[in-house]
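Chemist: If you scroll down you'll find the structure; I have some questions about it.
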Amino acid sequence: MLVDYSDDEQEIMDNKPKSILVNPEVDCSHLVKKKEEEKALELSKTYNFLGQKKNHLTGNVESVYYNDAVFEEQFHKFNVYGFAVDPNERNRRVIACNQKQEELSTLMKEGYDVDAADPLFSKNVLAGMHKEDKLKQQELKQNRVKANDPSKGEFMGPWAGQQDEQFENIQMNEEQQKLLDQLEEQRKQKIDESKKQEENFVPYMEQHVSQTEQFGGRQFIAPPPELKYVDHTCYIPKRCIQTFHGHTKGVQVCKFFPKFGHLMLSGSLDHKIKMWDIIGNKQCVRTYYGHQGALRDLNFSNDGRTFLSAGYDKKILVWDTEYGKVTQTINLQHFPYCVRLNPDPAKQHSFLLGSSDKRIKQFDIRSGQQTLVYDEHLQAINTITYFNQNRKFVSSSDDKKLFIWEFGIPVVIKHISDPEMHAVTATATYNFLGQKKNHLTGNVESVYYNDAVFEEQFHKFNVYGFAVDPNERNRRVIACNQKQEELSTLMKEGYDVDAADPLFSKNVLAGMHKEDKLKQQELKQNRVKANDPSKGEFMGPWAGQQDEQFENIQMNEEQQKLLDQLEEQRKQKIDESKKQEENFVPYMEQHVSQTEQFGGRQFIAPPPELKYVDHTCYIPKRCIQTFHGHTKGVQVCKFFPKFGHLMLSGSLDHKIKMWDIIGNKQCVRTYYGHQGALRDLNFSNDGRTFLSAGYDKKILVWDTEYGKVTQTINLQHFPYCVRLNPDPAKQHSFLLGSSDKRIKQFDIRSGQQTLVYDEHLQAINTITYFNQNRKFVSSSDDKKLFIWEFGIPVVIKHISDPEMHAVTATAVNPSGLNWVGQQSNNLIIVYDTKAGNFRMNRKKNFKGHVSAGYACGVTFSADGQFLASGDSEGRVFFWDWKTAKSYRTIQAHDNVCIGVEWHPIEPSKVVTCGWDGVLKLWD
């Protein structure tokens, strides 16, 4: 029969009334109880007794971070020893296995919570665990087969097995062998086919949309006209507005087009590179096919016309973004992980590659060759990031270290390592103050560190385990954990050890000197006696140690014949070069007709309209002419005296060229006389004669008009600077500074040396006349300045200071009252020369450029208002003479800008020369 439940019963069971078939004689109360239990179970599955929503069968469980290495350790312990520590950091409770740790598990069942630091746990469980390990090791050692004697050829070493071990030689039947051979042949065929496909594969680009329809006929990479960069405030995005589909596998990297971001590049694991339109139709516009392995990294050039792609096929491809062609392919031996072009506009041809072989390699796009290797990391390179105006970069690796490098110098500047550090896998730079960053931590000023002091501290750290901090304001000591344990422990406790600290001098320095003394005593004791000089057995300082043994290696007949042949070839080459030098006659080549170019007037005569007038000078803004002709770097350039209508340039390609500055702006003459690179040039007052000094150890005196050599002076050392005396009565005399530490005075008429100024301790860098040409100042690599009176080889004044550095280039203010010198610490110093005195002006210092290691020239404007200097990064700096403020910086050359000359008449014309083989005229 049909039974209807009461209202109370319906509330307990279900909101909807139900009817069931039942026997009226049977009690139905158990059905009601069953429904109550089911409903309570459903509620318990969703909520716990506190009313919180459940996320686990046992209640509300919070996620706790558990390190992979610690998890593996505990998992291994549980499987081997039968216990593990609870992963919750707040609770160090031990979890036990019933089968392997019966006593511990029974205790835990009885309600006893065993902690990892509990004495019961350490005494019973850990002690037993170590005993078991020791017993197992002893059994293994006892059952180990003896390694036998190595001399009898029966040595088994660490490969010796156990005594009970038996190995069966399993042999295959004919069918199995045939099947194995077939599989091997198939494998080889597949390898050959893949190799052929790789060899025949040509990278290409597929265009998905019409360029006229999509981009309105404009250049593909050109941004839309309405897209302009404006300073703006950024916001966090809220929703997805577009999804880009096209790749068949995971996308590894994506990059926006530089500056404008109207296009986006994506690299995927499906070997494809796709270009997406972000501003317009938001679709894939191009696909670049070039890699045969998954993509790893992409990098745009500054203008976006070129991009690099690195893939797991061990290739770096240089793409032309516009035309979709591969301009350079670089094959590697290891997997590339990151690739970064140098953002400096002058170094866009260079890029850095971090790979799986633990090295950072520098490549040149133009040649495709590797130019430098930065080798210090211990594991694969993850990231490379430029900072400090792209002069430096930081690299991260799987060795959990950060290294700071200077671009182009493969020596680590700073080493960052910490036990708590982990491998850095991605980087970015941003300065929250809005200032331009030059370091990871903010704006950091560079501190000059002397090379000699750096070498000293580097040697101390490697040998004795400590070094002094390079910061001059902070004399804190840096210690090595392995070699200076006491000192490093003190420093870890927060004690800053100073170089002048008594603790440091007593403990560290005293121990260091003791070690040195003991080593010297041991060497002296083991030294072979020098013997008596009168008997012909005297060995002197060449006496070796008593334990030393030397073997006499003798060559066989074939080796001796080969050595003789090579020696004959070497002598023949030397004889041929000597004959060429003896037979070589200097000459001049005229490139233009004198009548057409100069209107029949004398070659060196200035144009009639060119006259010297006092004028105000201005800093140039743009390059108006580039002079090409030299095949190697240009070392020096000089304007024609007074008028500057001609310019002389000397290059490392052994040639001297004369350029027309006022007329057609081209090369008019080439002087061939040197068989080595040019070092210096110097005009006479009237320009009719000039001197040239080269690395072929020759000084040539040229007639400018007729291009003939009137005097040749052969030297025994390299000439570094040559200067004619500007006094009209002494134009026949000139001074030469050379690599033999001496200044020599010559007479042009006879070609003979007349005087020697010998006081410097190293090579002479510069010679500069002052005080109406009666005196001159010389600078040298010995970091000293000497003042001389012309014709008297005695030093009048000796200038030396511990803070001074070698002066490599000099100039005199047109007023004749100031002398400036380019120091090798990126600083230009000033000396006052009033009334023949020579005093340092400490109020004026010109800095900001990088000239260390190069003799970058300095020059004054004709009115003395501005000072200009070259730079090792190809830049030209302009300062105001009165305030010493930097007014303008021009990126002039791709390589070192070694020379700068201001035009004597034109107010804003400057010529620069660099090691990129180019001269440029700026206005």
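The values are calculated or read from the model by the stated rules, or taken from the named source; none is laboratory data. All of these numbers come straight from a predicted model, not from anything done at the bench. Glycine also receives a Cβ, built like all others from the backbone with ideal geometry; neighbour counts cover every protein chain displayed. For the accessible areas, the whole protein counts, side chains as well, though only heavy atoms, and no ligand, DNA or RNA atoms are used. Shrake-Rupley method; radii C 1.70, N 1.55, O 1.52, S 1.80 Å.
Chemist: What is the Cα centroid distance between segment 693-744 and segment 831-886, reported in whole angstrom?
Modeler: Here the two parts' Cα centres lie 27 Å apart.
Chemist: So the label point goes 7 Å from the Cα of Leu817 along Cα→C-beta, right? Which residues of segment 849-878 then have their backbone N under 18 Å from it?
Modeler: Only 860-867 pass the distance filter.
Chemist: Quick check of the Kirkwood formula: for segment 283-437, what is the inverse mean of 1/r over all pairs of different Cα atoms, in Å? Working shown, then result.
Modeler: Numbers: mean 1/r = 0.0616 Å⁻¹.
Value: 16.2 Å, from the Cα pair sum.
Chemist: Can you list the residues, at least 5 places off or on another chain, whose amide H is less than 5 Å from the amide H of Val253, using H built in the peptide plane?
Modeler: Residues meeting the criterion, in which the H sits 1.01 Å from N, are Gly267.
Chemist: Residue by residue, what Karplus-based ³J(HN,Hα) values in Hz, rounded to whole numbers, does segment 652-666 have, using 6.51, -1.76 and 1.60 with θ = phi - 60° and x for Gly and Pro?
Modeler: Residue by residue, segment 652-666 yields 6, 8, 6, 9, 10, 10, 10, 10, 8, 8, 8, x, 7, 6, 9 Hz.
Chemist: Compute the Rg/Rh shape ratio of segment 619-685: radius of gyration over Kirkwood radius, all on alpha-carbon atoms. Present the calculation step by step, with values, prior to reporting the outcome.
Modeler: Working: Rg = 12.2 Å, Rh = 12.7 Å.
My calculation puts Rg/Rh at 0.97.
Chemist: Which stretch or stretches of segment 686-727 have amide N atoms under 16 Å from the point lying 7 Å from Asn773's Cα along the Cα→Cβ direction?
Modeler: So the set is 686-691, 722-727.
Chemist: Amide H neighbours of Gln283 under 5 Å, at least 5 residues apart or on other chains, H built in the peptide plane: list them.
Modeler: Those lying under 5 Å, H to H, from Gln283 are Asp277.
Chemist: Whole-Hz Karplus ³J(HN,Hα) for segment 732-749, in order, using 6.51 cos²θ - 1.76 cosθ + 1.60 and θ = phi - 60°, x for Gly and Pro?
Modeler: 7, 10, 9, 10, 10, x, 10, 7, 8, 6, 10, 10, 10, 9, 10, 10, 5, 5
Chemist: Could you tell me whether segment 542-584 comes out rounded, prolate or oblate from its Cα gyration tensor? Rule is a ≥ b ≥ c as square roots of the eigenvalues, rounded for a/c under 1.5, then prolate if a/b exceeds b/c, otherwise oblate.
Modeler: Working: a/c = 10.07, a/b = 2.09, b/c = 4.82.
The shape class here is oblate.
Chemist: Restricting to DSSP loop positions (anything but H, G, I, E, B) with no more than 14 other Cβ atoms inside 10 Å of their own Cβ, which trypsin sites (Lys or Arg not before Pro) remain in segment 734-789?
Modeler: Values: sites: Lys741, Arg742, Lys744, Arg749, Arg774, Lys775, Lys783, Lys784; in loops: Lys741, Arg742, Arg749, Arg774, Lys783.
Within segment 734-789, the qualifying trypsin sites (Lys or Arg not before Pro) (loop, at most 14 other Cβ atoms within 10 Å) are Arg749, Arg774.
Chemist: Further question on the same structure: Length gain on complete extension for the stretch Asp703 to Glu803, per 0.36 nm per residue less the alpha carbon to alpha carbon distance?
Modeler: Values: separation 100, 0.36 × 100 = 36.00 nm, distance 4.37 nm.
Stretched fully, the Asp703-Glu803 segment lengthens by 31.6 nm.
Chemist: Could you go through segment 719-727 in sequence order and give the Karplus-derived ³J(HN,Hα) for each residue, using 6.51 cos²θ - 1.76 cosθ + 1.60 with θ = phi - 60°, rounded to whole Hz, and x for Gly and Pro?
Modeler: Values per residue, Gly and Pro as x: x, 10, 8, 9, 9, 6, 6, x, 5 Hz.
Chemist: Follow-up. May I ask you to give the solvent-accessible area per residue for segment 202-353, in square angstrom, as obtained with a 1.4 angstrom probe?
Modeler: Values: 8000 Å² over 152 residues.
Accessible surface, normalised per residue, equals 53 Å².
Chemist: Let me ask something additional. Sort 650-660, 453-463 for me by packing, meaning the mean count of neighbouring Cβ atoms within 10 Å per residue, highest on top. Could the numbers behind the result be given before it?
Modeler: On the way: 650-660: 21.5, 453-463: 12.9.
Per-residue mean Cβ counts within 10 Å order the peptides as 650-660, 453-463.
Chemist: Ok, one more. Less than 17 Å from a label point 7 Å out along the Cα-to-Cβ axis of Ser577: which backbone N atoms in segment 647-690 qualify, by residue?
Modeler: 653-654, 674-678
Chemist: Tell me which residues come under 5 Å, amide H to amide H, from Ile796 once H is placed; ignore anything under 5 positions away on its chain.
Modeler: Amide H to amide H, under 5 Å and 5 or more residues apart or across chains, Ile796 pairs with Ile787, Trp788, Glu789.
Chemist: Taking 0.36 nm per residue of sequence separation and subtracting the Cα-Cα distance, how much length would be gained by fully extending the chain between Ile553 and Leu183, in nm to one decimal? Write out the running numbers ahead of the final one.
Modeler: Values: separation 370, 0.36 × 370 = 133.20 nm, distance 5.30 nm.
Net length gain for the segment: 127.9 nm.
Chemist: With every protein chain present, what is the per residue accessible area of segment 589-707 (1.4 Å probe, Å²)?
Modeler: Working: 4990 Å² over 119 residues.
Ligands and nucleic acids excluded, the figure is 42 Å² per residue.
Chemist: Mind giving me the FRET efficiency for Phe335 and Leu562? R0 is 30 Å, r the Cβ-Cβ distance, nearest 0.05 is fine.
Modeler: Details: r = 42 Å, r/R0 = 1.39.
The computed FRET efficiency comes out at 0.10.
Chemist: Using 0.36 nm per residue, how much length does the chain from Asn664 to Gln219 gain when fully extended, once their Cα-Cα distance is taken away?
Modeler: On the way: separation 445, 0.36 × 445 = 160.20 nm, distance 3.53 nm.
This chain segment gains 156.7 nm when fully extended.
Chemist: I'd like the Kirkwood hydrodynamic radius of segment 606-756, using the inverse of the mean 1/r over distinct C-alpha pairs, in Å. Before the final figure, lay out each step's value.
Modeler: Values: mean 1/r = 0.0608 Å⁻¹.
The answer is 16.5 Å.
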